[in-house]
Structure formats: structure tokens, C-alpha cells
1. Would you please calculate the Kirkwood hydrodynamic radius of the range 250-297 over all C-alpha pairs and express it in Å, rounded to one decimal?
2. Can you pull out the trypsin sites (Lys or Arg not before Pro) in the range 157-242 that DSSP calls coil and that have at most 10 other Cβ atoms within 10 Å?
3. Report the full-extension gain for the segment residue 312 to residue 153: residue separation times 0.36 nm, less the Cα-Cα distance, to one decimal in nm.
4. Report the net charge of residues surrounding residue 125, where surrounding means a beta-carbon distance below 13 angstrom and charges are Lys +1, Arg +1, Asp -1, Glu -1.
5. Based on the alpha-carbon gyration tensor of the range 14-233, what equivalent-ellipsoid semi-axes (square roots of 5 times the eigenvalues) come out, in whole Å, largest first?
6. In terms of the Cα gyration tensor, with a ≥ b ≥ c the square roots of its eigenvalues, is the range 152-222 rounded because a/c is under 1.5, prolate because a/b exceeds b/c, or oblate?
7. For the range 254-316, which GluC sites (Glu not before Pro) are in a loop by DSSP, counting at most 15 other Cβ atoms within 10 Å?
8. With the cut-off at 19 Å, tell me which of the pairs 21/117; 274/312; 58/152; 152/226; 117/152 have Cα atoms farther apart than that.
Amino acid sequence: MGSSNGNGGEGGTIYEAMRLKGFSRRDFMKFCSIMTATLALPPAFASKVAEALEKKAKPTLVWLEFQDCAGNTESLLRASKPTVKELVLDVLNIEYHETIMAAAGHQAEKSLADVVKNQKGKYLAVVEGSIPFKDGGVYCCIGGRTAVDIVKEVCGNALATIAVGTCAAYGGIPAAAPNPTGAVGVSEAVPGITVVNLPGCPMNVENITATVVHYLTFGSLPLLDKLGRPLFAYGKRIHDNCERRAHFDAGQFVRQWGDEGHRQGWCLYEMGCKGPETFHNCPRIKWNEGVNWPVGAGHGCVGCSEPAFWDKMTPFYRRLPQPPGFGIEKTADKVGAGLAAITGAAIVAHGIGRLATGGRKQED
Ligand code: SF4
Ligand code: F3S
């Protein structure tokens, strides 16, 4: 991490940082290939990414934490591609991060103030957690200042802000009804600034690294959707890339945890999977070094990267009514029309239950 661990503040490129850590040229090229794939670019772009990472200085970054569970920081510290977490910390050149920096108290606050003053308009701000507005913002104070004051100053003077996790992007769980602290995400707290939202509970660290790599490679932030999320990571529904999709199309659904369909890896739609209404690249890049992801592990997606997921995606184990935009898939009730009558009856019964509780509207 930045000046607090002796790496930061001295400039240098990502390639130089990797060499100093003992990584080989092969490791570096592997990292560039992974980033190229995460950015959903053709493999040929790996050389362009490599060129940028060899030449351009690492951007300075400050990381603010407000109303959160520190899950995004955990995600950062668990990062291991290409091989170790230190690489990611070097890639991001973090100058301030309360949870992992060595400095504390006035010394820590001075690190933050120095970046804001000396690198105005040049540094990246990362925000984790929501910002409470109720009662003058008293529900979250750091160093005697409210989160509202801090985020306005730090993000207002940054080149751009990356809101990591659903809380920083849209308020998340602290903003769930009845939202006792008046929590909001960064875009709402500081209107008019440049914000890249990387929602998820938590965000996937490869997406923040790729966002920074995109900035270094192309000199611009990635294209965003209307919810402020990079298209490379949130441009496709979970359902569109899901490894269980063939089972959905064939009408093969898990009906009960541990049943034969569950053991066979069938579709989790009937068990409440929100993949048809959730936009995220989880099936493609996965978690824990690409080992697995929620649906791969046998549990439905709960829609953690969508705004207000805690209010709108619950109950998590209730089947979606009729996912929008299904097109040729028609309705889920018509999927697998040739199945045995008992199967069709069970689906219709679910549908009637949903009609009684009302439908949901797609966010995007
Ligand atoms: Fe995958 Fe869920 Fe879609 Fe089934 S409903 S194909 S488990 S995303
Ligand atoms: Fe979240 Fe669904 Fe991915 S629950 S981690 S968006 S699979």
C-alpha cells in the first residue's frame, strides 16, 4: 500500500512494481491477458494493455470506508491473480485506506489531506459503504467529520470516484427499508461528479483492477450503463452466461434442495435464482481465483449487484414471476412445455402465487 508500507509515492509503472516484487515477464503478460479478458476485449489487445502498463505511472488512489461491512476490503485483500494480493495493491497504489494502512489518527488523516491538496484532480477516490444523510449525517463520523463532509471534499476533488459494492453504489443494505440513517450511494451524495459504480456484495476485485487498467490503457474510464456500471462487467445478465442455462431452456429445474436435479446441476430458477434480472460478470470471471461462483456452487443468484436488491429481490427463495426480456424463451411457464403434466402443474401453481403477490419491474 502507498506511502504507509513504503511502496507508494515513488511513482513507477505497474510493470516496474511487478519486477520489484520478483514477477517474471511471463507473469506480467499473464496478468495483461487476464485483464484483457476481464475487460471483454479481444486477446490481441493484451499487447496494448502491456504497453500501457509498462509506460504509464500507477495512479494514486485513496479508499474511504463509511457504512459498510468491509466486505469489499476483504475482496481486495483476497485478490490473488495473477498470484498474490500485493500485486493488486501495487497496481492500485493506495495512499490511504483506514483498514489496511499502518498509519493511524492524525498521521492517517494527514495522508488523506495531502493527497487531496497536492494531487487535486489527479487521484482516484474509491468509496466503500453508504453515506448517511439523516440528522446531519451523525451516524457515520471519522476524525470528527461526517461521512457527508469527507465524501464531498475527497470525491469532489478527485479525477473520478469508483463506488465499490452495492452500498457505495446505491445505498445497499444500510439503505434497505426503513433506511434509518438516510443512507445513499456516492452519486446521490455528491451529484455531478464522475462516478463508476462497481456494485456487488461484495464487488469482484478483478473489476476494479480492470477499471484502473482500462484508464491506463485508453486514457478514459470504461463505458457505463445507465446505472453507472461498466459495460464490460455489467453489460450481460447472469442468466445469459450461466452454465445452467441449457437446463433452463430444457425445462430442467431443481425443485428442492438436494433433489436429483440439484445433484445433476439443473437450473435454480424455481429455487428463487435472480440471474434473469441481474447484470454482472460472475459466471465469466467467477470468484476465489476463478474457482467458482454462487450458482456454480449450487445456490441461486440473489441479485446483489442490482439497486435496492435487499428490498426488491427478497424473498430470495421465491421464484421470479416472469423475467422480462425473455424473447424467444417466452415465459418460464412455457419452458419445457413437453414435460410431464405434474411438472407443468407445479410451475403454474407457483405462477398463481406470484400473481397474488404482484410482479416486479426490471431496473435496466
Ligand atoms: Fe442460471 Fe439462474 Fe438462469 Fe437458471 S435461472 S439459468 S440458475 S441464472
Ligand atoms: Fe451477486 Fe448474483 Fe454474482 S448474488 S455475486 S450477482 S451470482
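1. Working: mean 1/r = 0.0855 Å⁻¹.
Across the range 250-297, the inverse of the average 1/r is 11.7 Å.
2. Working: sites: 226, 236, 237; in loops: 226, 236.
Taking the range 157-242 and a limit of 10 other Cβ atoms within 10 Å, the loop trypsin sites (Lys or Arg not before Pro) found are 226.
3. On the way: separation 159, 0.36 × 159 = 57.24 nm, distance 3.22 nm.
In short, 54.0 nm is gained.
4. Working: positive: 120, 122, 152; negative: 65, 95, 128, 153.
Neighbour charge sum, excluding residue 125 itself: -1.
5. Details: eigenvalues 174, 71, 46 Å².
Calculated on Cα positions only, the semi-axes equal 30, 19, 15 Å.
6. Working: a/c = 3.48, a/b = 1.55, b/c = 2.25.
Oblate shape, in that a/c is at least 1.5 and b/c is the bigger or equal ratio.
7. Working: sites: 260, 270, 277, 289; in loops: 289.
Taking the range 254-316 and a limit of 15 other Cβ atoms within 10 Å, the loop GluC sites (Glu not before Pro) found are 289.
8. Numbers: 21/117 30 Å; 274/312 11 Å; 58/152 24 Å; 152/226 22 Å; 117/152 14 Å.
Distance filter (> 19 Å) returns 21/117; 58/152; 152/226.
The values are calculated or read from the model by the stated rules, or taken from the named source; none is laboratory data. The shown structure was predicted, so the numbers you read here are calculated from the model rather than taken from an experiment. Neighbour counts run over all protein chains shown; Cβ positions are idealised from the backbone, glycine included. With ligands, DNA and RNA removed, areas are computed over all heavy atoms of the protein, side chains included. Shrake-Rupley method; radii C 1.70, N 1.55, O 1.52, S 1.80 Å.
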